[in-house]
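S.K.: After the structure tokens below, expect a handful of questions from me.
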């Protein structure tokens, strides 16, 4: 057992590349992310899991009559859970600064409401849904592309960061990181040799099964294709068979920046590169992949992208059955 724990600890030290730490003291948005987790878990726990977005109509900004509409409430999937956490966190932030209209104006101009509902290459929803054509591997990639977040090494994360994990059964999961855990599922304040996993919040479970939907889980990582999946007491549910690899494509880790530190110029450059890449690759020559007619000029292509929801969910996020349900 001691040898197994040493192997696991060594794997975790190596996880994630490139080598970044979450060092933006006072610049991250983690506190609001954690507030949003508390609000959503209190009001919408275990409402069911399905291939749809948002547990309810989401307020977003000072005009509470205008809401981001759900697709099939209260059922929601994991990538939508992360989006709902971020939307709720931003709404809490705007409420806290309601006496300063410039705060809400900046957020709503930078991340307009339709970007959380549409699925076009320049909509943040498409990037959080991890469409493979966007070369995105998770929430950290999406936040970085939009100039509102940064990558960070797994061992340097703080509660309120984000992880997109991959399992050995070829499924993936998008979650909010809440802290490290040891082999007994107990919290560990900082990463070290005793850490073998992490605690998270997201939406998971078999479709519409009792207990599926928003909730907390205890995630344990594999090493050398060997499962480490302990049974925890006290009603604590686990997630196992998670790949531990030094690669952001497998364990995508990072955090959101406070709106004061968002970088619009970087966002604009990144999204222009995304569209150029899609056009210059075979997507622009294969209408079946995007649903657009072939032979479009670059200007026609971009106009068509603005009109049409061409992006899709990465199918590996559809199956969120947990170990007790498999």
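Read-outs: derived from the displayed coordinates by stated rules, not from any lab. Since we're looking at a predicted model, the values are computed, not measured. Counting neighbours? That spans all protein chains shown, and the Cβs are built from the backbone with ideal geometry, glycine included.
S.K.: Would you look at the GNM of the chain, springs on alpha carbons closer than 10 Å, and say which of 314, 109, 131 moves the most?
M.R.: 109
S.K.: Shifting gears a bit: Between residue 306 and residue 231, with labels modelled 7 Å along Cα→Cβ, what's the label distance in nm to one decimal, could you check?
M.R.: 5.9
S.K.: With a 10 Å cut-off between alpha carbons and a GNM built on the chain, which of 91, 63, 28 moves the most?
M.R.: It is 63.
S.K.: Report the dimensions of the chain along its three principal axes from the alpha-carbon atoms, largest first, rounded to Å.
M.R.: Here the spans come out as 61, 49, 39 Å, largest first.
S.K.: What is the list of residues in region 57-76 whose amide nitrogen lies under 16 Å from a point 7 angstrom out from the Cα of residue 100, following Cα to Cβ?
M.R.: Answer for this model: 62.
S.K.: Taking the simple approach of a point 7 Å from Cα along Cα-to-Cβ for both residue 249 and residue 168, what is their distance in nm?
M.R.: Roughly 2.0 nm, to one decimal.
S.K.: Continuing with the same structure: Could you work out the percent of alpha carbon pairs in region 210-249 separated by over 12 Å, rounded to a whole number? Provide the component values of the computation, followed by the final result.
M.R.: On the way: 495 of 780 pairs.
The proportion of pairs with Cα distances above 12 Å equals 63 percent.
S.K.: Here is a further query. Shape of region 146-295 from its Cα gyration tensor (a ≥ b ≥ c, root eigenvalues): rounded if a/c is under 1.5, otherwise prolate when a/b > b/c, or oblate? Kindly include the intermediate steps, with their values, before the conclusion.
M.R.: Numbers: a/c = 2.22, a/b = 1.64, b/c = 1.35.
Taking the square roots of the gyration eigenvalues as a ≥ b ≥ c, region 146-295 is prolate.
S.K.: Send over the per residue convex hull volume for region 109-228, Cα only, as a whole number of Å³.
M.R.: Working: hull volume 16.9 nm³, N = 120.
Spelled out: Cα convex hull of region 109-228, divided by residues, is 141 Å³.
S.K.: Right, next: Translational diffusion coefficient, Stokes-Einstein: compute it for region 153-192 using the Kirkwood radius over C-alpha pairs as Rh, at 37 °C and 0.692 mPa s, and state it as an integer in µm² s⁻¹.
M.R.: Working: Rh = 11.3 Å.
D, rounded to a whole number, is 292 µm²/s.
S.K.: Ranked by Cβ crowding within 10 angstrom, fewest neighbours first, how are 313, 157 ordered?
M.R.: Working: 313 19, 157 24.
Final ranking by Cβ density, sparse to dense: 313, 157.
S.K.: With a/c under 1.5 counting as rounded, go ahead and sort region 94-153 into rounded, prolate or oblate using the C-alpha gyration tensor (a ≥ b ≥ c being the square roots of the eigenvalues; past the cut-off, prolate if a/b is larger than b/c, else oblate).
M.R.: On the way: a/c = 3.26, a/b = 1.71, b/c = 1.91.
Oblate shape, in that a/c is at least 1.5 and b/c is the bigger or equal ratio.
S.K.: Now, a different point. Who wins for biggest fluctuation among 168, 145, 55 in a Gaussian network model of the chain, springs between alpha carbons below 10 Å?
M.R.: Its mean-square fluctuation being the largest, the pick is 168.
S.K.: At a 10 Å Cβ-Cβ cut-off, how would you order 270, 144, fewest neighbours first?
M.R.: Working: 270 16, 144 22.
Final ranking by Cβ density, sparse to dense: 270, 144.
S.K.: How far is the Cα center of region 129-177 from the Cα center of region 73-110, in Å?
M.R.: Result: 19 Å between the Cα centres.
S.K.: Same structure again: Using only Cα atoms and rounding to the nearest 10 degrees, what angle (0 to 90) does helix 30-43 make with the longest principal axis of the chain?
M.R.: Between helix and principal axis, roughly 80 degrees.
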